[in-house]
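Visitor: My questions will all concern the structure given below.
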Amino acid sequence: MSKQILIYNHGGSKNHGCEALARTLIAMIPEDCRITLLSEAADQDAMYGLGGLCEIISAKASYSSKSLDFVKAYAALKIKKDYFQMDVLPYKEAIRHLGTYDIAVSIGGDVYCYDNYPLYIEIDHLIRRHAERTVLLGCSIEKKLFDDPAFLKDIRQFDVISARESLTYDLLKKAGCQNTVLIPDLAFTLEKEEAELPEHFIAGNTVGINVSPLVIEREQNHGIILKNYQNLIECILKETDMNVALIPHVVWDGNDDREPLKKLFEIYQDTGRVVLIEDHDCRTLKGYIAGCRFMIGARTHATIAAYSSCVPTLVLGYSIKSIGIAADLFGTSDGYVIPVTELKTENSLKNLFCNMTDHENEIRDHLTKMMPDYIRQTQKVRELL
């Protein structure tokens, strides 16, 4: 009898990192398995073509205001000002109707990087009632979370954990999670799709730029991030013959990369050397990124698309995941990642980019030599499943 596999903690394919993880995991699972994707946004997954790869069901469902769960949650809200129980209700209702699965795989690898991580602890608890085995795949976890007993209790209940970078792997091992393995992010295996390049995109001589509302929210000085990107673009246009491609990787409502990228495009569109890439699925976006000479990105999976295409990449990071991945690739994150909190001057990105251009061939040669073996390590996921 074929195995029943549930994939959960999938945020929806308008985050093309989530889409890439779902696609690459499904490609790892034997064809005789039945795969169900529990999705926060099933309509998005249908839009980008995941419906042909697996069954997709919604991670949320409507609930009755007469149910006991609702009464308890409403009381907690009114008496304790506790919104959490109300937030969990739609998930409880959807998960209650699930069948039984041999394996449930959480692909929300960095959900623990955000303030609402207690929600995902509760989802894990609910999912375990419907699965024989559970796997946490490709996680990145901040050190401070290991001080939270509720988090530790949850994380230790997974049958297998794969960390996608060594910093998280070491923290998990120190916390007693001996069922942890180190496996690169599956999105490194994503196949690219070639698309016709738009006007002003010069293959092999274009700098890809990605910025997100998420990093802008974390800036220490108002406006400093977009000012850094402006100074960087002006440097590229004035001091090099390279063009610039502004590339979104998440287009969620309220968290849409196109919003800050359009602001940059409006400033430089009349130069004839800057192009704004429209929304596409993750494979096509990787095709554009692979055609770049350099990449400067804020979204983790935009930079993974670049790394895996051997494009020298500079990351504007905000969590352990960007630092850990770069350190595994290069032995250090210095010169490859700048944390948002360390963006002190308006020329920080420009200065780091200039340093990267000085070492362009060295970086590209390093990635070209080490990437095949690094990507092969992802095949360990097949063994886990």
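Visitor: Of all residues being under 18 Å from T189 (Cβ atoms) and without any contact (Cβ under 8 Å) to a residue 40 or more places away in the chain in the stretch 38-54, which is least open to solvent (accessible area, probe 1.4 Å)? Just the residue, please.
Guide: Going through the qualifying residues, I end up with L50.
Visitor: Restricted to the stretch 231-251, and to residues that are hydrophobic (A, V, I, L, M, F, W, C) and under 17 Å from E199 (Cβ atoms), which residue is farthest from the chain's Cα centre (by Cα)?
Guide: That would be L237.
Visitor: Right, next: Considering (1) open to solvent by less than 30 Å² (accessible area, probe 1.4 Å); (2) among the β-branched types (V, I, T); (3) assigned to a loop (DSSP other than H, G, I, E, B), say which one I236 fails and leave the rest.
Guide: (3)
Visitor: Going through the stretch 248-272 one residue at a time, which ones are assigned to a helix (DSSP H, G or I), closer than 23 Å to E217 by Cα and free of Cβ contacts under 8 Å to residues at least 40 places away in the same chain?
Guide: Correct list: R258, K262, K263, F265, E266, I267.
Visitor: Looking at (1) part of a helix (DSSP H, G or I); (2) of a type outside the set (D, E); (3) closer than 29 Å to L214 by Cα, can you tell me which one A76 breaks?
Guide: Tallying (1) part of a helix (DSSP H, G or I); (2) of a type outside the set (D, E); (3) closer than 29 Å to L214 by Cα, A76 fails exactly one: (3).
Visitor: Scan the stretch 219-230 for residues that are of a type outside the set (A, V, I, L, M, F, W, C) and surrounded by 17 or more Cβ atoms within 10 Å (Cβ to Cβ) and report the count.
Guide: So the count comes out to 5.
Visitor: Now for a different question. I'd like to check something: does the stretch 57-70 contain any residue that is part of a loop (DSSP other than H, G, I, E, B) and touching a strand residue (DSSP E or B) at 6+ places or on another chain (Cβ under 8 Å)?
Guide: yes
Visitor: Go through K80, K92 for me and flag whichever is of a type in the set (K, R) and exposed (fewer than 15 other Cβ atoms within 10 Å of the Cβ).
Guide: On inspection, the qualifying residue turns out to be K80.
The values are calculated or read from the model by the stated rules, or taken from the named source; none is laboratory data. Keep in mind it's a predicted model, so treat the numbers as computed, not measured. Counting neighbours? That spans all protein chains shown, and the Cβs are built from the backbone with ideal geometry, glycine included. Each accessible area value is taken on the protein alone, full model and side chains, heavy atoms only, with ligands, DNA and RNA left out. Shrake-Rupley method; radii C 1.70, N 1.55, O 1.52, S 1.80 Å.
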